[in-house]
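Okay, structure first, notes after.
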Amino acid sequence: MSTLKVNTILEADGTAFPFPQGLTEVDSWRITSTLSNFGDNFITANWERNDTYFEKIGTGLTESSGTFSFPSTGKYLLMYNGQATGNSDRYIGIKSYLSTNNGSSYGAVNENYGSAYNSGGNTYASFALMDIVDITDISNYKWRYMASSIGTCNYSGVSSESRNGFTVYKFGET
(Lines give C-alpha, C1' and ligand atoms only; values in the text may rest on other atoms or scores of the structure.)
Protein backbone atom coordinates (compact mmCIF):
# COMPACT_ATOMS: atom_id res chain seq x y z
CA MET A 1 0.00 0.00 0.00
CA SER A 2 1.43 3.39 -1.00
CA THR A 3 0.92 6.59 0.92
CA LEU A 4 0.04 9.93 -0.60
CA LYS A 5 2.21 12.84 0.47
CA VAL A 6 0.03 15.90 1.02
CA ASN A 7 1.47 19.35 1.60
CA THR A 8 -0.91 22.15 2.53
CA ILE A 9 -1.01 25.89 2.79
CA LEU A 10 -3.42 27.36 5.31
CA GLU A 11 -5.82 30.00 4.02
CA ALA A 12 -6.53 33.10 6.13
CA ASP A 13 -9.76 31.51 7.41
CA GLY A 14 -7.89 28.41 8.60
CA THR A 15 -8.95 26.03 5.84
CA ALA A 16 -6.24 23.94 4.21
CA PHE A 17 -5.35 24.19 0.51
CA PRO A 18 -3.76 20.82 -0.34
CA PHE A 19 -0.94 20.22 -2.82
CA PRO A 20 -0.99 16.41 -3.32
CA GLN A 21 2.34 16.22 -5.19
CA GLY A 22 4.16 18.66 -2.94
CA LEU A 23 5.44 22.05 -4.00
CA THR A 24 8.29 21.84 -6.49
CA GLU A 25 8.33 25.57 -7.35
CA VAL A 26 7.63 28.54 -5.09
CA ASP A 27 8.81 32.02 -6.03
CA SER A 28 8.03 35.59 -4.99
CA TRP A 29 8.66 38.88 -6.85
CA ARG A 30 8.04 42.55 -6.01
CA ILE A 31 8.68 46.04 -7.34
CA THR A 32 11.47 47.87 -5.54
CA SER A 33 10.56 51.50 -6.08
CA THR A 34 7.32 53.44 -6.28
CA LEU A 35 5.75 53.45 -9.74
CA SER A 36 3.84 56.53 -10.90
CA ASN A 37 1.09 55.41 -13.26
CA PHE A 38 -1.68 56.95 -15.36
CA GLY A 39 -3.90 54.72 -17.52
CA ASP A 40 -2.97 51.16 -18.49
CA ASN A 41 0.76 50.37 -18.52
CA PHE A 42 2.71 47.14 -18.15
CA ILE A 43 5.03 47.13 -15.13
CA THR A 44 8.35 46.75 -16.95
CA ALA A 45 11.01 47.86 -14.46
CA ASN A 46 12.28 47.53 -10.90
CA TRP A 47 11.28 43.90 -10.32
CA GLU A 48 13.30 41.83 -7.87
CA ARG A 49 12.96 38.39 -6.36
CA ASN A 50 11.86 38.70 -2.76
CA ASP A 51 14.95 38.27 -0.59
CA THR A 52 13.46 39.28 2.78
CA TYR A 53 12.63 36.23 4.93
CA PHE A 54 12.17 34.15 1.78
CA GLU A 55 14.09 31.65 -0.33
CA LYS A 56 12.63 30.21 -3.51
CA ILE A 57 11.92 26.52 -3.91
CA GLY A 58 13.03 25.03 -7.22
CA THR A 59 14.43 26.96 -10.14
CA GLY A 60 12.08 29.94 -9.92
CA LEU A 61 10.75 32.23 -12.61
CA THR A 62 13.00 34.37 -14.78
CA GLU A 63 12.23 38.01 -15.51
CA SER A 64 13.18 40.39 -18.33
CA SER A 65 11.67 43.89 -18.55
CA GLY A 66 8.63 42.79 -16.54
CA THR A 67 8.05 39.64 -18.60
CA PHE A 68 8.14 36.43 -16.56
CA SER A 69 9.02 32.98 -17.90
CA PHE A 70 8.23 29.69 -16.19
CA PRO A 71 10.91 27.09 -15.39
CA SER A 72 8.84 24.00 -16.25
CA THR A 73 5.44 22.97 -17.53
CA GLY A 74 2.66 22.48 -15.01
CA LYS A 75 -0.22 24.07 -13.18
CA TYR A 76 0.65 27.32 -11.41
CA LEU A 77 -1.14 29.49 -8.89
CA LEU A 78 -0.12 33.17 -9.06
CA MET A 79 -1.26 35.55 -6.32
CA TYR A 80 -0.70 39.30 -6.66
CA ASN A 81 -1.08 41.70 -3.76
CA GLY A 82 -0.75 45.46 -4.17
CA GLN A 83 -1.35 48.89 -2.77
CA ALA A 84 -1.29 52.38 -4.25
CA THR A 85 -2.06 55.96 -3.32
CA GLY A 86 -4.23 58.35 -5.26
CA ASN A 87 -6.25 61.48 -4.85
CA SER A 88 -9.94 61.26 -5.78
CA ASP A 89 -9.29 58.33 -8.13
CA ARG A 90 -12.32 56.13 -8.76
CA TYR A 91 -10.19 53.10 -9.52
CA ILE A 92 -6.63 51.87 -9.09
CA GLY A 93 -5.82 48.27 -9.88
CA ILE A 94 -3.86 45.50 -11.48
CA LYS A 95 -4.37 43.27 -14.52
CA SER A 96 -2.67 39.97 -15.39
CA TYR A 97 -1.79 38.91 -18.94
CA LEU A 98 -0.60 35.67 -20.54
CA SER A 99 1.15 35.15 -23.87
CA THR A 100 1.13 31.74 -25.56
CA ASN A 101 3.25 32.89 -28.52
CA ASN A 102 6.51 34.03 -26.88
CA GLY A 103 5.29 37.58 -26.23
CA SER A 104 4.00 38.45 -29.71
CA SER A 105 0.59 39.11 -28.17
CA TYR A 106 -0.98 38.91 -24.72
CA GLY A 107 -4.46 38.01 -23.57
CA ALA A 108 -6.06 39.38 -20.41
CA VAL A 109 -6.45 36.79 -17.66
CA ASN A 110 -7.79 38.75 -14.68
CA GLU A 111 -8.15 42.23 -13.17
CA ASN A 112 -9.06 43.75 -9.83
CA TYR A 113 -9.42 47.30 -8.54
CA GLY A 114 -9.55 49.34 -5.38
CA SER A 115 -10.72 52.92 -4.99
CA ALA A 116 -8.94 55.93 -3.54
CA TYR A 117 -11.94 58.20 -3.80
CA ASN A 118 -11.72 61.03 -1.31
CA SER A 119 -12.28 64.70 -1.86
CA GLY A 120 -9.10 65.61 -0.03
CA GLY A 121 -5.58 64.33 0.36
CA ASN A 122 -4.00 61.09 -0.75
CA THR A 123 -5.80 57.88 0.10
CA TYR A 124 -4.74 54.24 -0.17
CA ALA A 125 -6.23 51.57 -2.38
CA SER A 126 -5.51 47.87 -2.21
CA PHE A 127 -6.09 45.13 -4.77
CA ALA A 128 -5.33 41.44 -5.23
CA LEU A 129 -5.47 38.82 -7.98
CA MET A 130 -5.46 35.04 -7.88
CA ASP A 131 -4.83 33.21 -11.16
CA ILE A 132 -4.41 29.54 -12.04
CA VAL A 133 -2.75 28.76 -15.37
CA ASP A 134 -1.69 25.57 -17.10
CA ILE A 135 1.75 26.19 -18.59
CA THR A 136 2.15 23.67 -21.41
CA ASP A 137 5.11 25.23 -23.27
CA ILE A 138 7.85 27.09 -21.39
CA SER A 139 9.29 28.54 -24.60
CA ASN A 140 6.08 30.33 -25.55
CA TYR A 141 4.15 31.04 -22.31
CA LYS A 142 5.00 34.43 -20.76
CA TRP A 143 3.36 36.37 -17.91
CA ARG A 144 3.02 40.13 -17.25
CA TYR A 145 1.21 42.54 -14.94
CA MET A 146 -0.34 45.86 -15.93
CA ALA A 147 -0.97 48.83 -13.63
CA SER A 148 -4.38 50.38 -14.32
CA SER A 149 -5.65 53.68 -12.92
CA ILE A 150 -8.01 56.50 -13.88
CA GLY A 151 -5.68 59.22 -12.58
CA THR A 152 -2.01 59.57 -11.71
CA CYS A 153 -1.42 57.12 -8.87
CA ASN A 154 1.61 55.78 -7.05
CA TYR A 155 2.08 52.03 -6.78
CA SER A 156 4.15 51.50 -3.62
CA GLY A 157 7.49 49.77 -3.98
CA VAL A 158 10.44 49.18 -1.66
CA SER A 159 13.17 46.54 -1.61
CA SER A 160 12.47 45.38 1.96
CA GLU A 161 8.69 44.70 1.76
CA SER A 162 6.32 43.21 -0.79
CA ARG A 163 3.91 46.13 -1.17
CA ASN A 164 3.32 45.34 -4.84
CA GLY A 165 4.24 41.89 -6.01
CA PHE A 166 3.23 38.31 -6.44
CA THR A 167 3.93 34.80 -5.22
CA VAL A 168 3.74 31.79 -7.51
CA TYR A 169 3.25 28.11 -6.59
CA LYS A 170 3.57 25.15 -8.92
CA PHE A 171 1.06 22.65 -7.58
CA GLY A 172 0.71 20.08 -10.32
CA GLU A 173 1.97 18.64 -13.55
CA THR A 174 0.43 19.27 -16.95
_Kirkwood-based shape ratio for the chain, expressed as Rg/Rh from alpha carbons_ = 1.00
*the chain - charge dipole about Cα centre, Lys and Arg +1 at Cβ, Asp and Glu -1, debye rounded to 20*: 120
*With every protein chain kept in the model, how would you rank Ser36, Ser69, Ser88 by accessible area, 1.4 Å probe, largest at the top?*
Ser36, Ser88, Ser69
*Probe 1.4 Å, protein heavy atoms only - accessible area per residue of the chain in square angstrom*: 51
_If you take every residue apart from Ile135 with its C-beta less than 15 Å away from the C-beta of Ile135, what net charge results, scoring Lys and Arg +1 and Asp and Glu -1?_
-2
*Take the stretch 96-140, compute every pairwise Cα distance, and split them into 5 Å bins from 0; I just need the percent in each bin.*
5, 17, 17, 16, 12, 10, 9, 7, 4, 2
*Taking GluC sites (Glu not before Pro) as exposed when DSSP calls them loop (any state but H, G, I, E, B) and at most 13 other Cβ atoms lie within 10 Å, what is the longest stretch of the chain free of them, the sites themselves excluded?*
56-160
*About its Cα centre, what dipole magnitude does the stretch 72-173 give when the only charges are +1 on Lys and Arg Cβ and -1 on Asp and Glu Cβ, stated in debye to the nearest 20?*
120
*Kirkwood estimate for the stretch 66-143, i.e. one over the average of 1/r between Cα atoms, Å*: 13.9
*With the full set of protein chains in place, find how many percent of the accessible area of the stretch 16-174 is carbon and sulfur; take the probe as 1.4 Å.*
46
*Length gained when the stretch Ile57-Lys75 is fully extended (0.36 nm per residue, less Cα-Cα span)*: 4.9 nm
*Note, ³J(HN,Hα) from phi for the stretch 51-62, Karplus 6.51, -1.76, 1.60, rounded to Hz, x at Gly and Pro*: 10, 9, 6, 8, 9, 4, 10, x, 6, x, 6, 10
*Want the number for Ile132 to Arg49: 0.36 nm per residue separation, take away the alpha-carbon distance, what's left?*
27.8 nm
*Phe38 to Asn87: extension gain in nm, 0.36 nm per residue of separation minus the Cα-Cα distance?*
16.4 nm
_Could you report the accessible area of Val109 in Å², rounded to 10, computed with a 1.4 Å probe on the protein chains as they sit in the structure?_
60
_Under-5 Å amide H pairs with Asn122, H placed in peptide plane, nonlocal only_ = none
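The values are calculated or read from the model by the stated rules, or taken from the named source; none is laboratory data. A quick note: this is a predicted structure, and the numbers were derived from the prediction, not measured. Methodologically, a virtual Cβ is constructed for each residue, glycine included, from the backbone with ideal geometry; neighbour enumeration extends over all protein chains shown. Please note that ligands, DNA and RNA were not included when accessible areas were found on the heavy atoms of the full protein model with its side chains. Shrake-Rupley method; radii C 1.70, N 1.55, O 1.52, S 1.80 Å.
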